[in-house]
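Worksheet for the structure shown next.
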Amino acid sequence: MSTGPNAGRKIPSRTIILGEPFRVELVPDLLSDDEAVSGETLGESHRIRINASLDTEKQWRTFIHESLHSGLHVNGYGNVSDSVTEEMIVQTLEYVVVQMIRQHGKQLLEVFGDD
């Protein structure tokens, strides 16, 4: 469990991705195909699952990452490429989004607000 400056900043239990509601679940010791994973998106059931054992920063990064997968699913792009290519694209976008938040988070909030 994280005890740093981000401790207590909990992942929301629901979010809207491109107009579609998604339920967000923190799952202890999350497994996919018998392997530990940070998160997963279940597009058909509109669910994002995040490994609860991750520290706070990694949970938020995973939330962003799985939200990007969800966006691809909502737009119908989830099955356009193979899973390896999709994962590379989403991982790259995750890094860009996190970098932009770190560099320009306050300005982004000023422009886009907090709705």
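Observations on the structure shown:
- Scanning the stretch 29-39 for residues that are within 12 Å of the chain's Cα centre (by Cα) and either in contact (Cβ under 8 Å) with a residue 40 or more places away in the chain or surrounded by fewer than 19 Cβ atoms within 10 Å (Cβ to Cβ) (or both) gives a single hit, Ser38.
- Selection status of Val84, exposed (fewer than 14 other Cβ atoms within 10 Å of the Cβ), without any contact (Cβ under 8 Å) to a residue 40 or more places away in the chain and within 14 Å of the chain's Cα centre (by Cα): no
- Note on the stretch 19-42: among residues that are touching a strand residue (DSSP E or B) at 6+ places or on another chain (Cβ under 6 Å) and not in a strand (DSSP E or B), the one that is farthest from Arg102 (Cα to Cα) is Leu30.
- Meets criteria (of a type in the set (D, E, K, R), more than 11 Å from the chain's Cα centre (by Cα) and part of a helix (DSSP H, G or I)) for Glu57: yes
- Among (1) under 20 Å from Ile16 (Cα atoms); (2) surrounded by fewer than 12 Cβ atoms within 10 Å (Cβ to Cβ); (3) out of contact with any strand residue (DSSP E or B) (no Cβ under 9 Å at 6 or more places or on another chain); (4) at pLDDT 95 or above, the one test that Ser45 misses: (3)
- Leu72 being of a type in the set (A, V, I, L, M), at pLDDT below 95 and under 14 Å from the mean Cα position of the chain (by Cα): yes
- Failed item in (1) farther than 23 Å from Arg9 by Cα; (2) of a type in the set (A, V, I, L, M, F, W, C); (3) in contact with a Leu (Cβ under 9 Å, 6 or more places away or on another chain); (4) surrounded by 18 or more Cβ atoms within 10 Å (Cβ to Cβ), with Leu72 passing the rest: (3)
The values are calculated or read from the model by the stated rules, or taken from the named source; none is laboratory data. Predicted model, so just to flag it, every value in this text is computed and none were measured. Every residue, glycine as well, gets a Cβ built from its backbone with ideal geometry; the counts of neighbours run over all protein chains shown.
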